Amino acid sequence: MTDATLPSSEIKKPAIKKSEMESSQTLNSSIANKDKRILVLFAHPVPQQSEVNIFLFNDAKNVSNVTAIDLYAHYPDFNIDVIREQQRLVSHDVIIFQFPLYWYSTPSILKEYQDLVLEYGFAYGKGGSALKGKQFFCAISAGGKEEAYQSDGFNHFTIRQLLQPLEQMASITTMTYLAPFALFGSRSASREQRIEKHRSKWRSLLNVLATGQFDIERARSIENLADLDILEEPAENQSK
């Protein structure tokens, strides 16, 4: 009688050595605790005029586990290398679009990026599950004050409402959408000495994203990631 005809309870299973079990547990623990890789896709058509975003981009380049890409510098002719960019997306766990808000939307190269890189069969549709489970959000600056981005304010909509096309993009591509990390009143931020605090929060956010040591549901529901309490903690109290 072969094993195939024995009742499952009578089939002898090979014993697992203690050393093998410990090795497996160590491997699983290592995978579970592995820091996330973060991709920052920076889009500013005139970075030399940037008063906020260029500093955030440079800060991101100095954070471990972060890959920071200047899309306008890489593709001045908008001839985006689709395969290269798809490989970048696949190899990272957190995707961030960083940009100044232009006419309630992204600078044009980010729209081109979405149209070309997020292809059917790759990012969505049949077989298109390459981005499934990744985290996505926007890091933005807005010239207007926060009160202007309210239903009864000058712009008639909140930042989250204005970014709903990107939220839907994340939904279609099965990514986890987080609230935007936003700085309002960016034109006066330097004069009002608000930029350094915002940069400090940005660096803290990148660190907690890498380690996963934050409340994901809170990050999804809050209006602005910059308001997360954990970003107010001294750097020495945060996970590296």
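Derivation of every value follows stated rules applied to the coordinates shown; laboratory data play no part. Keep in mind that this is a model prediction, so the values were computed, not measured. Positions of Cβ are backbone-derived with ideal geometry, glycine not excepted, and every protein chain shown enters the neighbour counts.
At-a-glance table
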| read-out | value |
| --- | --- |
| Residue in the range 149-161 that is in a strand (DSSP E or B), surrounded by 16 or more Cβ atoms within 10 Å (Cβ to Cβ) and in contact with a Leu (Cβ under 9 Å, 6 or more places away or on another chain) present | no |
| Residues that are over 26 Å from Ala148 (Cα atoms) and part of a helix (DSSP H, G or I), drawn from the range 171-221 | Ser171, Ile172, Arg203, Ser204, Leu206, Asn207, Val208, Leu209, Ala210, Thr211, Ile216, Glu217 |
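A quick yes/no check of all residues on (1) at negative phi; (2) among the charged types (D, E, K, R); (3) over 17 Å from the mean Cα position of the chain (by Cα):
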position	(1), (2), (3)
Tyr120	yes, no, yes
Gly143	yes, no, yes
Glu147	yes, yes, yes
Gln164	yes, no, no
Leu183	yes, no, no
